[in-house]
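Down below is the structure, laid out as structure tokens.
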Amino acid sequence: MIVRPISFEEKAIYNQVVGHPLQSWEWGEFKKVTGQKVERIGFFEGNQLKSAIQISFHDLPGGYTVGYLPKGPMPIEEHIAAMKQVATKNNALFIKIEPNIMTPVVATGQSAVGSIQDFLVQRGAKKGRSIFTHYTFALDLSKTEDELFAALHSKTRYNVRLAIKKGVQIIDDTSKDGLEIFIKLLEETTNRKNFHAHDAEYYRQMWHALGRSGMMKIFHAVYNDTVVVSWIIFLFNGKLYYPYGASSSLHREVMASNLMMWEVINYGKSHGAKMFDMWGALGPDPNPKNPWYGFHHFKEGYGAQLMENFQTFDFVYNPGLYGLFNVADRLRQVWLHW
């Protein structure tokens with residue numbers, strides 16, 4: 001197998017073999033704009049690209065870095081060797097990996113996942129703090145529209161019909177102006193619900209990198225000429241994703257979010273998506289007092305399967321400073337939570 005960096009001229013074939021928006025070429029360019037260094041490594045058999053990984057490196061004091069490989073392929077020996085090489089090149093304390101592997105929560109046989117974990121541990125990986133949520137909802141979009149609508153929970157079906165009856169309209173506004181509307185609603189949402197989100201510049205930089213790729217779409221739910229809900233979605237290699245959403249406190253009685261989700265599902269189907277990853281959920285027995293319970297319950301209403309994401313692992317290259325980093329990181333998490 002030939003292992004080497006991916007060139008700009010290979011962007012198209014690179015995007016064809018990676019399996020998640022966070023591994024896309026465009027997302028790597030976005031990470032560069034935010035000040036991170038990005039390494040893209042291809043694994044070839046002859047002239048054919050078989051797999052690829054994209055790692056972003058985040059600067060630390062003292063000239064050190066931390067690497068992050070989100071939603072990459074199932075690791076193989078060649079990936080692990082290449083990671084060590086670029087970690088040395090970038091003076092990384094460790095590289096955090098979160099492979100793009102999901103299993104149904106109801107599944108009883110986890111031997112395949114267990115064998116992957118054993119494979120990683122045997123090669124020195126340590127369980128690390130997750131960046132992504134441990135669970136998500138996934139919806140099979142290969143079903144017909146009638147089948148999908150019938151699978152909605154009864155209250156969700158009622159709310160979708162109510163929003164239609166009230167005259168809520170879902171529009172595609174994938175533009176700079178559309179992004180600014182999303183940012184304004186997001187600021188209102190975070191203030192109302194008291195949770196942390198990226199700042200406005202983060203989304204503007206994202207738009208600069210992804211906006212013209214066709215992967216990033218912005219949808220608004222409009223009622224009485226007012227945007228009351230705004231979502232950013234990703235469509236990449238036959239899969240649909242819902243990473244960011246915002247809503248107004250106005251006109252909540254018209255159930256615009258319910259219609260938004262339903263129309264996004266139909267958008268994904270009409271553009272060839274076979275699966276919809278709703279980008280986060282609570283576990284199988286969610287606590288109604290959890291501040292994220294409302295989001296979980298909302299997504300659950302669409303008949304999706306609760307999935308468990310593969311655990312997070314760290315490949316450590318500087319054990320001493322890795323321990324100090326984790327202490328500082330835990331303190332940072334306490335501060336952010338406070």
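Yes or no: TYR158 touching a residue at least 12 places away in the same chain (Cβ under 8 Å), out of contact with any Phe, Trp or Tyr (no Cβ under 8 Å at 6 or more places or on another chain), in a helix (DSSP H, G or I) and assigned by TED's automatic domain parsing to the domain that holds LEU250? So TYR158 does not fit the description; no. Between LEU185, LEU179, the distinction of being crowded, with 20+ Cβ neighbours inside 10 Å, closer than 25 Å to ASN266 by Cα and either touching a Phe, Trp or Tyr at 6+ places or on another chain (Cβ under 6 Å) or polar (S, T, N, Q) (or both) belongs to LEU179 only.
Yes or no, residue by residue, for (1) of a type outside the set (Phe, Trp, Tyr); (2) at pLDDT below 95; (3) under 26 Å from ALA328 (Cα atoms):
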position: GLU98; (1), (2), (3): yes, no, yes
position: THR108; (1), (2), (3): yes, yes, no
position: PHE119; (1), (2), (3): no, yes, no
position: GLY124; (1), (2), (3): yes, yes, yes
position: SER130; (1), (2), (3): yes, yes, yes
position: ASP140; (1), (2), (3): yes, no, no
position: GLU145; (1), (2), (3): yes, no, no
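Whether any residue in region 218-236 is over 19 Å from the mean Cα position of the chain (by Cα) and of a type in the set (Phe, Trp, Tyr) is what I want to check. Yes, there is a match, as at least one residue in region 218-236 is over 19 Å from the mean Cα position of the chain (by Cα) and of a type in the set (Phe, Trp, Tyr).
Can you tell me how many residues in region 213-238 are charged (D, E, K, R) and touching a residue at least 40 places away in the same chain (Cβ under 8 Å)?
Selection size over region 213-238: 1.
Name every residue in region 289-309 that is modelled with pLDDT of 95 or more and assigned to a loop (DSSP other than H, G, I, E, B), in order of residue number. Across region 289-309, the qualifying residues are GLY301, TYR302, GLY303, ALA304.
Name the single residue that is nearest to HIS134 (Cα to Cα) among those in region 276-297 being surrounded by fewer than 17 Cβ atoms within 10 Å (Cβ to Cβ) and touching a residue at least 24 places away in the same chain (Cβ under 8 Å). Once the filter is applied, the top-ranked residue is GLY283.
Out of GLY238, GLY280, which single residue is on the phi > 0 side of the Ramachandran plot, in the same structural domain as THR156 (by TED's automatic domain parsing) and touching a Gly at 6+ places or on another chain (Cβ under 7 Å)?
When all the criteria are applied, what remains is GLY238.
Criterion first (in a loop (DSSP other than H, G, I, E, B), without any contact (Cβ under 8 Å) to a residue 40 or more places away in the chain, of a type in the set (Lys, Arg) and farther than 28 Å from LEU69 by Cα) does LYS165 satisfy it? In short, no.
The values are calculated or read from the model by the stated rules, or taken from the named source; none is laboratory data. Computed from a predicted structure; not experimentally measured. A quick note on method: Cβ atoms are made from the backbone with ideal geometry, for glycine too, and the neighbour counts reach across all protein chains shown.
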